[in-house]
1. Given (1) at pLDDT 90 or above; (2) within 10 Å of chain B (Cβ to nearest Cβ); (3) near DNA strand D (Cβ under 8 Å from one of its atoms), identify the lone condition not met by residue A:57.
2. Here are some conditions: (1) more than 9 Å from chain A (Cβ to nearest Cβ); (2) within 19 Å of the chain's Cα centre (by Cα); (3) modelled with pLDDT under 90. Residue B:36 meets all but one. Which one does it not meet?
3. For the list (1) at pLDDT 95 or above; (2) more than 10 Å from every other protein chain (Cβ to nearest Cβ); (3) surrounded by 13 or more Cβ atoms within 10 Å (Cβ to Cβ), I need the number of the one condition that residue B:24 fails.
4. Filter the range A:39-54 for residues that are more than 9 Å from DNA strand C (Cβ to nearest atom) and either more than 7 Å from every other protein chain (Cβ to nearest Cβ) or in contact with a Pro (Cβ under 6 Å, 6 or more places away or on another chain) (or both) and give the result.
5. Those residues that are in a loop (DSSP other than H, G, I, E, B) and within 9 Å of DNA strand D (Cβ to nearest atom), I need them from the range A:60-71; list them, please.
6. With respect to residue B:100, determine if the residue is modelled with pLDDT under 90, under 26 Å from residue A:88 (Cα atoms) and more than 10 Å from DNA strand D (Cβ to nearest atom).
7. Could you check how many residues of the range A:36-52 are outside any helix (DSSP H, G or I) and either more than 8 Å from DNA strand D (Cβ to nearest atom) or among the β-branched types (Val, Ile, Thr) (or both)?
8. Just one of the numbered conditions (1) exposed (fewer than 15 other Cβ atoms within 10 Å of the Cβ); (2) in a helix (DSSP H, G or I); (3) within 13 Å of DNA strand D (Cβ to nearest atom) is not true of residue B:74; which one?
Number of protein chains: 2
Amino acid sequence: MASAKTTEFSESEQQLATFAKALAHPARIAILKILAAQNECICGKIVEVLPLAQSTVSQHLKELKTAGLIKGTIDGPKSCYCINWDAFEAVNKEFGFLFSSLQKEKGKACC
Amino acid sequence: MASAKTTEFSESEQQLATFAKALAHPARIAILKILAAQNECICGKIVEVLPLAQSTVSQHLKELKTAGLIKGTIDGPKSCYCINWDAFEAVNKEFGFLFSSLQKEKGKACC
DNA sequence: TTAACTTATCGTTTTTTTACGATAATTCAA
DNA sequence: TTGAATTATCGTAAAAAAACGATAAGTTAA
């Protein structure tokens, strides 16, 4: 009967999947690019540029914020969003770590 | 009325999102780790290790294959899956490119 | 050939994601 | 204070993802 399925997914696997999910929509990648390119974190501008309704953009922003990739502050009637560089650096490193750890075994490939 | 929402998402944004989606589930990350760690690409072993039904694992494998991250060959009654290192290297570079291009603007952050 | 084994696919259900319009809440300008 | 502007949230609908059991299709060993 072989071994039991006792292995739940590890913390790091879950966290990586969470970050990947945050990046798993072109609108959210576009938002990150916009936030990075503009020195002002104008939120309304994003709605103008993206082919999505304001409420949908707001939802994507919320997901990015929940994932920790961006942070937002209230600026008068407007909202100011920015990339959370600390978290972003962490994600970058985690992905890099995954990639490099996978590649260590590269030589053994059989197909 | 500002500018029209003519900007669809770019090719690179869509492709990145597709790859991210492939990584957006802990089971698929776990599968990649298993494939990388074993010098044999035994498929059935994955089912034993993961807390998922065989059909579900098969589905995840198919998604990874569709995304191009792995490739599979038939080995008798069994199936042999391996990481597609070429594609993987491409993904790695694309992510790295995204991260570094975003970070170029880092100094301008406003919040 | 038959039986056992391995894996993909099918059908289905449940959950999550994506999207929108409408509305509420907040702030600034008149 | 009123009105315009901005954004978040609510309610909802449609689409996609995730999961499972059952089944089919293939291969090897007896």
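1. Residue A:57 satisfies all of (1) at pLDDT 90 or above; (2) within 10 Å of chain B (Cβ to nearest Cβ); (3) near DNA strand D (Cβ under 8 Å from one of its atoms) except (2).
2. (1)
3. (2)
4. Matches in the range A:39-54: A:42, A:43, A:44, A:45, A:46, A:47.
5. None; the set is empty.
6. Taking the combined requirement at face value, the residue satisfies it.
7. Going through the range A:36-52 one residue at a time, the tally reaches 8.
8. All conditions pass for residue B:74, except number (2).
The values are calculated or read from the model by the stated rules, or taken from the named source; none is laboratory data. As the structure is a prediction and not an experimental result, all values here were calculated from the model. Cβ: placed from backbone, ideal geometry, glycine included. Neighbour counts: every protein chain shown.
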